[in-house]
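Enquirer: Shown below is the structure under consideration.
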Amino acid sequence: MKTISLNVNGKAHKGLAIEARTQLADVLRDELNLTGTHLGCEHGVCGACTVLIDGVPARSCISLAVACDNAEITTIEGMDDDEVMKSLRTAFTEEHALQCGFCTPGMLASARDVVLRMPDASDQEIRYAMSGNLCRCTGYVGIVKAVKRVIEERRAAGLSEIVNPRKELGPVGSGHAEVMAADPAGIVLPAGAAPKAAPARAAATASRKVDDSKPMTRLQQSFTVAFPRDEVWEFFGRLDQVTTCLPGASLLNEPTATHVEPRLRVKVGPIVADFEGAADVERDDATYTGTIYGSARDTKSASATRGEVEYVLSEINGGAETKVDVQVGFALTGPLAQFSRSGIVMDIAKRMTDAFAQNLHQRLSNRDNPDAAAESQITELNAGSLLFSVLRSRVTGFFKRLFGKH
């Protein structure tokens, strides 16, 4: 058993004895009798159990109570006097945004976050932001209208300032945990020990790291370019040139030294995705390393992606050639997320890396003749054969398992 303390709806609850595996939702309902927090799927999918942990919406059915020790918890019962929640309750009633009411407590908690954090949200952005809360009754039309109505009412009243409750990276509630510190060499130090000062770049990287609410798929690729490292490094600094080396990539706007807004078109069989987004770049001339942080949305579906790309340039063959090591981390949401853990993504990444390396070589070889480089460049990634190859390998694997052939 573990003993924890929670501040729930402004009331301190100290000395709660629970098992380490107990979820926060069970503590709220069974120990504190706050049954306004509903349990639906119990897998963090439906959103009915959403509460505020340190002001940030979170799924209480998959949040370990011990991880929330000393955190501020707000359930639907604690939002009676909240001004935004009052407006939302009225709007939900008048816009017919609720029927059976089972999803409503979690829906309201998420809607409150949208109103405060996205004061200029469009209907489409509201749908996207609320997509983690499922309702089997309303069809969502009334819900979107209710949220949009409160946003517009607050804007008319001059209350449209952005309020983001998230104060730090990491899972909500984790800021209260007693953690171990680590120095830049990766040596774990006891809590309270003074670690060595981290390089300025590491601090900048931490501050720019994208939200990791959904785990990223990680891929590693390497390729070699037959040019000295300094030439390749200088080329990587030209974001307009290096971005369009990606097959299917083009620019939405003129890039700056550290910011680029690309469009990327990928075709996989009958599926065509056109991603538009933005990315920021950090480079370290001393170590020949760079990091790219970005996000994008598919213009043809509700799919979206966010990611990190880290690259390192190394001299090989006496400095005549350059090895480029790339680590890509990405997370997909929406219809295209079904591919994020399949062999299709691995094959697409391999083909895209090979095409990028070929285009990069052509650009470097024809720096004085850009037209010649453009003529020989791979301009689009068409991975039409990948679906068949992945399905074939899965069927083959199934029969091998079925008949015991390994």
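No value in this document is a laboratory result; all are computed from the given coordinates. Here the structure is a predicted model, which means the values were calculated and not measured. Cβ sites come from the backbone with ideal geometry, for glycine too, and all protein chains shown count toward neighbours.
Enquirer: May I ask which of Lys86/Lys300; Lys323/Lys350; Lys145/Lys300; Lys300/Lys350; Lys86/Lys145; Lys11/Lys148 have a Cα-Cα span longer than 27 Å here?
Expert: Numbers: Lys86/Lys300 36 Å; Lys323/Lys350 16 Å; Lys145/Lys300 23 Å; Lys300/Lys350 24 Å; Lys86/Lys145 16 Å; Lys11/Lys148 32 Å.
Violating the 27 Å limit, Cα to Cα: Lys86/Lys300; Lys11/Lys148.
Enquirer: Placing unit charges on C-beta atoms (Lys and Arg positive, Asp and Glu negative, everything else neutral), compute the dipole magnitude of the range 6-157 about its Cα centre in debye, rounded to 20.
Expert: Working: 16 positive and 21 negative charges, 62 e Å.
My answer is approximately 300 debye.
Enquirer: Got a sec to turn the phi values of the range 133-140 into Karplus ³J(HN,Hα) couplings, 6.51 cos²θ - 1.76 cosθ + 1.60 with θ = phi - 60°, whole Hz, x for Gly and Pro?
Expert: After applying 6.51 cos²θ - 1.76 cosθ + 1.60, I find 10, 9, 9, 9, 10, 8, x, 6 Hz.
Enquirer: Suppose R0 equals 22 Å; then what is the FRET efficiency for Asp123 and Thr90 from their Cβ-Cβ distance, rounded to the nearest 0.05?
Expert: Details: r = 20 Å, r/R0 = 0.89.
It comes to 0.65.
Enquirer: So what is the orientation-averaged projected area of the range 2-78, using the convex hull of its C-alpha atoms, in nm²?
Expert: Values: hull surface 17.0 nm².
Seen from a random direction, the Cα hull of the range 2-78 projects 4.2 nm² on average.
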